[in-house]
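Okay, structure first, notes after.
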Amino acid sequence: MQVILLQNVENVGYKHDLIKVKPGFGRNYLIPQGFAVIANATNKQKLDKIQEDILKEENAKLDTYKAMAQKIAGQSLTIGVKTGTSGKIFGKVTNVQVLAMLKEKFDIEIERKKIVLPEDPKEVGTFKAIVNFHPEVSETIDLELVKE
């Protein structure tokens, strides 16, 4: 069964995603809770229109995104993490933490799903994060994980 998500659903997908789910999950949970609608022809046309509007809005912000990317180019963020005696991190570093540091240090506000951590840091050290501002604009930033 294909459905269109009306809002972000954890471990399922993001708003306006066209996803395939098991029929029972869609009929008994997603649709009654208002999290999704059935992906029929009419709803797919509405989704296409919504995605076009979002793309136009994103293209209007392209210059802003380029300026943000220039701000963080070649920069690094220092994130304090709790570690054990061997230097292993308790828990994990998430894109929410990176987003908070970007806002604090560079005054940049973006959606958290635009921050990608290609590797899952397990120890203190330097790692890379990719910030995808726009399909045409992305920047890599260094994350320096230090012991708190």
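Quick look at the numbers
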{"item": "Residues of the stretch 91-148 classified as of a type in the set (D, E, K, R), under 16 Å from residue 72 (Cβ atoms) and not in a loop (DSSP other than H, G, I, E, B), total", "result": "9"}
{"item": "Considering residues of the stretch 49-90 that are part of a loop (DSSP other than H, G, I, E, B) and basic (Lys, Arg) only, the residue nearest to residue 121 (Cα to Cα)", "result": "82"}
{"item": "Candidate set: the stretch 117-148, residues that are among the aliphatic types (A, V, I, L, M) and in contact (Cβ under 8 Å) with a residue 60 or more places away in the chain; chosen: the one nearest to residue 65 (Cα to Cα)", "result": "137"}
{"item": "Options 85, 64; residue that is at pLDDT below 90, surrounded by fewer than 11 Cβ atoms within 10 Å (Cβ to Cβ) and β-branched (Val, Ile, Thr)", "result": "85"}
{"item": "Restricting the stretch 128-148 to residues that are of a type in the set (A, V, I, L, M, F, W, C) and surrounded by fewer than 17 Cβ atoms within 10 Å (Cβ to Cβ), the residue that is modelled with the lowest pLDDT", "result": "146"}
{"item": "Of all residues making up the stretch 49-97, the number that are small (Gly, Ala, Ser), under 20 Å from residue 129 (Cα atoms) and either touching a residue at least 60 places away in the same chain (Cβ under 8 Å) or touching a strand residue (DSSP E or B) at 6+ places or on another chain (Cβ under 7 Å) (or both)", "result": "4"}
{"item": "Residue list for the stretch 131-148, filter: farther than 18 Å from residue 62 by Cβ and under 17 Å from the mean Cα position of the chain (by Cα)", "result": "140, 141, 143"}
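Condition check ((1) under 30 Å from residue 61 (Cβ atoms); (2) under 18 Å from the mean Cα position of the chain (by Cα); (3) assigned by TED's automatic domain parsing to the domain that holds residue 7) across all residues:
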{"position": "75", "(1), (2), (3)": "yes, no, no"}
{"position": "80", "(1), (2), (3)": "no, no, no"}
{"position": "84", "(1), (2), (3)": "no, no, no"}
{"position": "89", "(1), (2), (3)": "no, no, no"}
{"position": "95", "(1), (2), (3)": "yes, yes, no"}
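The values are calculated or read from the model by the stated rules, or taken from the named source; none is laboratory data. Just so it is clear, the structure is predicted and the values come from calculations on it, not from any experiment. Neighbour counts run over all protein chains shown; Cβ positions are idealised from the backbone, glycine included.
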